[in-house]
Amino acid sequence: MSLPTPESNVDPLEGIELVVFDKDGTLIEFHPMWRGWVDDLARSLSAATGLPLHDQVFSLLGVDPDTGTISPHGLLAATPMARLRELVVEALVDEGVAEDLARRAVAAAWLAPDPVALATPTADLDGLLDRLAARGIRAAVATSDDRGPTERTLAALGIAGRFEALACAD
């Protein structure tokens, strides 16, 4: 199947009944929100363990320490928070930290970013959703983030009631 060309007068949305959006990177800016969180996590873990863990944490989660860019194939981009937390504990143990200390350090350092304060929309989301609704196209969200932060983010953006369904990691 070939894609329509701009000159072909084919409506690319013809026949579409539902659009499913990812949250981070599609509805909201992903990199600025999560890069700071990873930096804070690495700093807290380093302080708690006495080890320089900045590079290991950034590498494990798939974040470029210089640019703050999150790899689309990295753990942070597509792994539920509960699983990320366990993987960070495992990584600390691999670095020689005793498991009980690793668990305590991660528990103390694991502070989820505030989606209300940090969420920046990628576009005019109300306008986009209005245009889809005007054509009878419904919208949903699928995300590897947990439901609580997802609901708070959508509410803070004023678009929580605009989606037919939310599919979240938890």
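The values are calculated or read from the model by the stated rules, or taken from the named source; none is laboratory data. Being a predicted model, the structure only gives us computed values, none of them experimental. Every residue, glycine as well, gets a Cβ built from its backbone with ideal geometry; the counts of neighbours run over all protein chains shown. Keep in mind that these areas ignore ligands, DNA and RNA; they rest on the heavy atoms of the full protein, side chains included. Shrake-Rupley method; radii C 1.70, N 1.55, O 1.52, S 1.80 Å.
Give the residues of the range 107-143 that are part of a loop (DSSP other than H, G, I, E, B) and over 30 Å from residue 40 (Cβ atoms), sorted by residue number. So that I can check it myself, show each step before the final result.
Here is the first cut: in the range 107-143, the residues part of a loop (DSSP other than H, G, I, E, B) are 110-114, 119-120, 122-124, 135-137, 143.
Within the range 107-143, 124, 135, 136, 137 qualify.
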query = Of everything in the range 17-37 that's open to solvent by 70 Å² or more (accessible area, probe 1.4 Å) and either hydroxyl-bearing (Ser, Thr, Tyr) or assigned to a loop (DSSP other than H, G, I, E, B) (or both), which residue is nearest to residue 67 (Cα to Cα)?
reply = 29
ask   = Taking the range 44-58, which residues are loosely packed, with under 15 Cβ neighbours inside 10 Å and either modelled with pLDDT of 95 or more or not in a helix (DSSP H, G or I) (or both)?
value = 47, 50, 52
ask   = So which residues in the range 154-164 are part of a helix (DSSP H, G or I) and either within 21 Å of residue 83 (Cα to Cα) or hydrophobic (A, V, I, L, M, F, W, C) (or both), if there are any at all?
value = 154, 155, 156, 160
query = Can we say residue 119 is at pLDDT below 95, surrounded by 15 or more Cβ atoms within 10 Å (Cβ to Cβ), closer than 21 Å to residue 165 by Cα and among the hydrophobic types (A, V, I, L, M, F, W, C)?
reply = yes
task = Taking the options 94, 64, name whichever one is open to solvent by 70 Å² or more (accessible area, probe 1.4 Å), free of Cβ contacts under 8 Å to residues at least 12 places away in the same chain and out of contact with any Leu (no Cβ under 7 Å at 6 or more places or on another chain).
result = 94
task = May I ask you to verify whether residue 92 is out of contact with any Pro (no Cβ under 9 Å at 6 or more places or on another chain) and within 21 Å of residue 41 (Cβ to Cβ)?
result = yes
